[in-house]
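The values are calculated or read from the model by the stated rules, or taken from the named source; none is laboratory data. Since this is a predicted model, take the numbers as computed values, not measurements. A quick note on method: Cβ atoms are made from the backbone with ideal geometry, for glycine too, and the neighbour counts reach across all protein chains shown. Each accessible area value is taken on the protein alone, full model and side chains, heavy atoms only, with ligands, DNA and RNA left out. Shrake-Rupley method; radii C 1.70, N 1.55, O 1.52, S 1.80 Å.
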Amino acid sequence: MKIAAITLLLLIMLTLAFALRSVSRGNAPRQTVKALTLRVALSLGLFLLLMTGGMLGWWLPHGR
């Protein structure tokens with residue numbers, strides 16, 4: 001599960017960088033909106049993963 005959380009975080013950063021590149025180059029706004037929409041969806045997925053993991057005890061140390 002930790003690998004999934006890290007992967008989602010990296011994907012969020014990648015889509016944010018893509019949106020920044022799209023804005024700085026003056027490309028079509030549609031590409032920027034698509035990248036930012038994907039970032040929001042990934043952020044919500046990460047949030048749900050972390051909340052579910054916290055409730056189910058996935059993030060606790062093994063000694064507890």
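Using a Förster distance of 22 Å, how high is the FRET efficiency between Leu10 and Leu56, based on the Cβ-Cβ distance and rounded to 0.05?
Computed FRET efficiency for Leu10 and Leu56: 0.40.
From largest accessible area down, sort Ser43, Ser24; use a 1.4 Å probe on the protein chains.
I get Ser24, Ser43, largest accessible area first.
Please compute the per residue accessible area over the chain with all protein chains in place, 1.4 Å probe, rounded to a whole number of Å².
Normalised by residue count, the accessible surface of the chain is 80 Å².
Which loop-located trypsin sites (Lys or Arg not before Pro) does the range 29-60 contain, where loop means any DSSP state but H, G, I, E or B and the Cβ has at most 11 other Cβ atoms within 10 Å?
Filter output for the range 29-60: empty list.
Of the labelled options [x] 1.44; [y] 1.36; [z] 1.12, which one gives Cα Rg over 2.2 N^0.38 Å as computed for this structure?
[x]
Considering only the other residues whose Cβ falls under 10 Å of the Cβ of Thr15, what net charge follows from Lys and Arg at +1 and Asp and Glu at -1?
+2
Packing-wise, with mean Cβ within 10 Å as the measure, how do 48-56, 12-20 rank, highest first?
12-20, 48-56
Give me the percent of the accessible area of the chain that comes from carbon and sulfur atoms, probe 1.4 Å, all protein chains in place.
73
With θ set to phi - 60°, apply the Karplus curve 6.51 cos²θ - 1.76 cosθ + 1.60 along the range 26-41 and write out the HN-Hα couplings as whole Hz, x wherever there is a Gly or Pro.
Taking θ as phi minus 60°, the curve returns x, 5, 4, x, 4, 5, 5, 5, 5, 5, 6, 5, 5, 5, 5, 5 Hz for the range 26-41.
Spin-label point model (7 Å from Cα, Cβ direction): what's the Ile3 to Ala17 distance in nm?
Distance between the two pseudo-spin positions: 2.2 nm.
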